[in-house]
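Each remark here refers to the structure printed beneath this line.
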Amino acid sequence: MSNEIEIGRGKRGRRAYSFDDVAVVPSRRTRDPEEVSVGWQIDAYHLDLPILAAPMDSVMSPATAVALGRAGGVGVLDLEGLWTRHEDPQPLLDEIAALPADGVTARLQEIYAAPVRPELIAERIRQIRAEGVVVAGSLSPQRTQEHWRTVVDAGVDLFVIRGTTVSAEHVSARAEPLNLKRFIYELDVPVIVGGAATYTAALHLMRTGAAGVLVGFGGGAAHTTRTSLGIHAPMATAVADVAAARRDYLDESGGRYVHVIADGGVGRSGDLVKAIACGADAVMLGAALARAAEAPGDGYHWGSEAHHPRLPRGERVHVGTAGTLEQILFGPGRTADGTLNLVGALRHAMATTGYSDLKEFQRVEVVVSPYQPR
């Protein structure tokens, strides 16, 4: 049955859903939340939490990456951010948090005009590695060829190639583009790549040999991609489409499983639950972790799109401080708005619907039930 809608006589569009448009349905069985497992494994790394922190300067510093790693997740450091451009970025982080709204973008462009320094990339990775947690760093597709060897030699465990959208087939007449398939094949570490928002795009990324695919396209709280470019991918549909690509690639490849990671639109605990229910193996959190007292953004949140030198597609947004990182992940919750105890909420949702692990929970019944969140 087609779910296309006629926009006009010359154009039809497929109906797509965000996390706010869907809901999980209880089943005939329930469990104790303490008996539910929220762990997962990517490549050789078993992780206690299905949570990666978005590589954004407002979310991740080396210290917060270590803290999240010790809690059971993965902190992904932006290797093109302030921590690899400046010896001590703290004064600049303080300045960004204090900037008036009408001058933020121009000042961000000035601050991020400083060059990325390879020696700082190596230093930050070694700093995290010394604490004994899983080390993950992110580069954009444009900078990967320039800095990948520095990243690998410094000892990264998971290499993340993250952009607003990443394709397996980038066409350029000006320069030789990154050949993802050859690059991943020659690399000795697992690669997570994205974003991708469609079945076809994700399937092509899986064929490059990626260990995981990030699902999303400018869907985060700090993005203005829909406003500036007119492009948007409702996340519930995008995750379900990419999960279908994972299933078909599993058959095509003879059993190779590629992890699906929802990246965008996961601002509160209910969004995390629905991302897994739609087929994600894990989520990448930005705004949800930017609300931590330890977050470098000091209650503000922005991404790399906010300081693009020619076409900014993001902005600094105020998300406030909801609690400590411990409270955001494990509680106790002091509010009922889904900002605290994300892991507890996931456990309760799985227990209420009768599922014991994340793989099982991906099969939970979901209904279309649009509403306007408060």
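Every read-out reported here was derived from the displayed coordinates using simple, explicitly stated rules and does not represent laboratory data. Here the structure is a predicted model, which means the values were calculated and not measured. No Cβ is skipped: glycine too gets one built from the backbone with ideal geometry, and neighbour counts run over all protein chains shown.
Sorting check: for 78-88, 116-126, which peptide has the highest mean count of neighbouring beta carbons within 10 Å, and how do the rest follow?
78-88, 116-126
Once amide H atoms are placed 1.01 Å from N in the peptide plane, what residues at a sequence separation of 5 or more from His259, or on another chain, have their amide H within under 5 Å of its amide H?
Gly212, Val213
So how much slack lies between Arg14 and Gln90, counting 0.36 nm per residue of separation and subtracting their Cα-Cα distance, in nm?
Gain on stretching Arg14 to Gln90: 22.8 nm.
Could you give the Stokes-Einstein D for region 68-173 in µm² per second, using the C-alpha Kirkwood radius, 25 °C, 0.890 mPa s?
Rounded, D is 161 µm²/s.
Between Tyr45, Gly10, Ala114, whose Cα lies farthest towards the positive end of the dipole of region 1-154 when Lys and Arg beta carbons carry +1 and Asp and Glu beta carbons carry -1, centred on the Cα centre?
Sorting the options by dipole projection puts first Gly10.
Provide the packing ranking of 257-264, 204-211, i.e. peptides ordered by the mean count of other C-beta atoms within 10 Å per residue, highest first.
257-264, 204-211
Please list, in chain and number order, the residues 5+ apart from Gly323 or on another chain whose amide H is under 5 Å from its amide H, with Hs placed from the backbone.
Ala293
Quote the FRET efficiency, to the nearest 0.05, computed for Val25 versus Thr324 with a Förster distance R0 of 41 Å and r equal to the Cβ-Cβ distance.
After rounding to 0.05, the efficiency reads 0.80.
Sort 10-18, 44-52 by the packing proxy (mean of other Cβ within 10 Å over each peptide's residues), most packed first.
Output ranking for 10-18, 44-52: 44-52, 10-18.
Subtract the Cα-Cα distance of Ala97 and Ala130 from 0.36 nm times their separation in residues, and report this length gain in nm to one decimal.
Separation in residues times 0.36 nm, less the Cα-Cα distance, equals 8.9 nm.
Assuming a viscosity of 0.890 mPa s and a temperature of 25 °C, what translational diffusion coefficient in µm² per second does Stokes-Einstein assign to region 106-168, Rh being the Kirkwood radius over Cα pairs?
191
Run through all the Cα pairs of the chain and give the fraction in each 10 Å bin from 0, expressed as whole percent.
The percentages, shortest bin first, are 5, 24, 36, 25, 9, 1, 0.
Starting from the amide H of Asn341, placed 1.01 Å from N in the peptide plane, find each other amide H under 5 Å away whose residue is 5 or more places distant or on another chain.
Ile328, Leu329, Phe330, Gly331
Before rounding to the nearest 500, sum -39500 (n - 2.57) across all DSSP H runs of length at least 4 in the chain and divide by the residue total; then give [θ] at 222 nm in deg cm²/dmol.
Calculated mean residue ellipticity at 222 nm is -9500 deg cm²/dmol.
In debye, nearest 20, what is the charge dipole magnitude of region 19-368 about its Cα centre with +1 on Lys and Arg Cβ and -1 on Asp and Glu Cβ, if you could check?
Once rounded to the nearest 20, the dipole reads 540 debye.
Out of all DSSP beta bridges in region 19-368, what portion is antiparallel? Express it as a percent rounded to 5.
Taking every DSSP beta bridge within region 19-368, about 25 percent pair in antiparallel fashion.
Tell me, in nm to one decimal, what length is gained between Tyr257 and Glu6 on full extension, where the rule is 0.36 nm per residue of separation less the Cα-Cα distance?
Result for the pair: 86.7 nm of gain on full extension.
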